[in-house]
Amino acid sequence: AALAATLAERAVREGLLADQGAESLEPAIAAAALVLAERLEEADRLMSEGLQTVRSRGNLRGYAGALSFRAWGRYREGRLADVRADAELYPSFERPTVTDLVLAGAHVQALVDTGKLDEAAAVAAPIVATPLDRTLTLYQRFAEALAALRLAEGDPRRALEVTRGVAAWEEGTGLRNGTWVAWRSQAALAHAALGEDEPAVGLAEEQVSLARAFEAPGMLGSALRVAGVVLGEKDGLEALREATDHLGRSPLRLEHARALIDLGTGL
């Protein structure tokens, strides 16, 4: 995480992204690295500046990309109202394209976390119904939101179907560090909801191991929170205490709140 953030910050600082065209992927890649490394302020600033540039050029694709990655970073920070405001700046997703996936995913997750499941399902429905390539890397950002929606709807089997698709994508790409989508944690919660404790614990512990290697406190805290929930009893409380410690040192405020609630519930 630290190395990726250093490289992305260097690219911004030395102006290596300034000359990129509005169609270029490089600014979005830098923003994604900053979001995953939990440098959320830097990512937000980069994408906000990018929005000004693409607006002046009238470039809709560039506008969608900058808005999408800004909304994703804001979701990670727990700025749910700002995510919804960003989604309102973009046309509807009735005829979705690949460039809509990250923004739609952040919007769905923000709606789920504010208890607006019907609205979240309405945003997700046209994307689910559209024959987009499910093996695209950007699609996995939407898949994470869809799995969260299915879990919130009380349908863990359908959530598992979604996470299996992400697992297949991961296997095909070799991007196995668990950062782009923490599908193991989502699958662990789904298995736990079905009373399938062994796969739930195995997947949760695998995500914790990946997060320790990546060394971003919020990612580790999030993984430990899920491990604490599925482990239960003494081991679960220990994991939840560690989760709150790591998340308290991260900018992931919503995840920190979740860990505090789960720890309180466990106690």
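The values are calculated or read from the model by the stated rules, or taken from the named source; none is laboratory data. Please read these numbers as outputs of a predicted model, since none were measured by experiment. No Cβ is skipped: glycine too gets one built from the backbone with ideal geometry, and neighbour counts run over all protein chains shown. Side chains are part of the model used for accessible areas, which takes the heavy atoms of the whole protein and leaves out ligands, DNA and RNA. Shrake-Rupley method; radii C 1.70, N 1.55, O 1.52, S 1.80 Å.
Worth pointing out:
- Phe142 sits among other residues whose Cβ lies under 11 Å from its own Cβ, and their net charge, with Lys and Arg +1 and Asp and Glu -1, is 0.
- Whether the stretch 102-167 is rounded, prolate or oblate, judged on the alpha carbon gyration tensor where a/c under 1.5 counts as rounded: oblate
- The stretch 66-182 shape via C-alpha gyration tensor axes, a/c threshold 1.5: rounded
- Approximate spin-label separation Leu260-Asp197, in nm, with each point projected 7 Å along Cα-to-Cβ: 3.1
- For the chain, the carbon plus sulfur part of the accessible surface works out to 52%, probe radius 1.4 Å.
- Per residue accessible area of the stretch 59-203, 1.4 Å probe, in Å²: 42
- About its Cα centre, the dipole of the stretch 82-226 is roughly 140 debye, where the only charges are +1 on Lys and Arg Cβ and -1 on Asp and Glu Cβ.
- 5 Å binning of all Cα-Cα separations within the stretch 145-267, expressed as whole percents from 0 upward: 2, 13, 21, 25, 22, 13, 3, 0, 0
- Net charge in the neighbourhood of Thr114 (other residues with Cβ under 13 Å of its Cβ; Lys, Arg +1, Asp, Glu -1) is -1.
- In degrees, nearest ten, helix 101-113 long axis to first principal axis of the chain (Cα): 40
- Principal-axis analysis of the Cα atoms of the chain puts helix 217-231 at an angle of about 30° to the longest axis.
- Selected from Arg225, Arg55, Arg79 as most flexible by GNM, with the chain as the system and alpha-carbon contacts under 10 Å: Arg55
- Within a Gaussian network of the chain (alpha carbon springs, distance under 10 Å), most fluctuating of Pro126, Pro217, Pro251: Pro126
- Acute angle (nearest 10 degrees) that the helix 60-77 long axis makes with the longest principal axis of the chain, alpha-carbon atoms: 30
- Taking every alpha-carbon pair under 8 Å whose residues sit at least 6 apart, the chain reaches a relative contact order of 13 percent.
- Glu38, Glu9, ranked by accessible area, largest first (probe 1.4 Å): Glu9, Glu38
- Computed label-point distance, nm, for sites Leu16 and Asn177 using a 7 Å Cα→Cβ extension: 1.5
- Of Leu224, Leu254, Leu67, the one that fluctuates the most in a GNM where the chain has Cα springs shorter than 10 Å: Leu254
- The P(r) of the stretch 13-139 has a tail past 27 Å containing 15 percent of all C-alpha pairs.
- Counted by Cβ distance under 12 Å from Leu224, the other residues give a net charge of -3, where Lys and Arg count +1 and Asp and Glu count -1.
- Where Leu16, Leu51 fall by accessible area, highest first, once all protein chains stay in place (1.4 Å): Leu16, Leu51
- Whether the chain is rounded, prolate or oblate, judged on the alpha carbon gyration tensor where a/c under 1.5 counts as rounded: prolate
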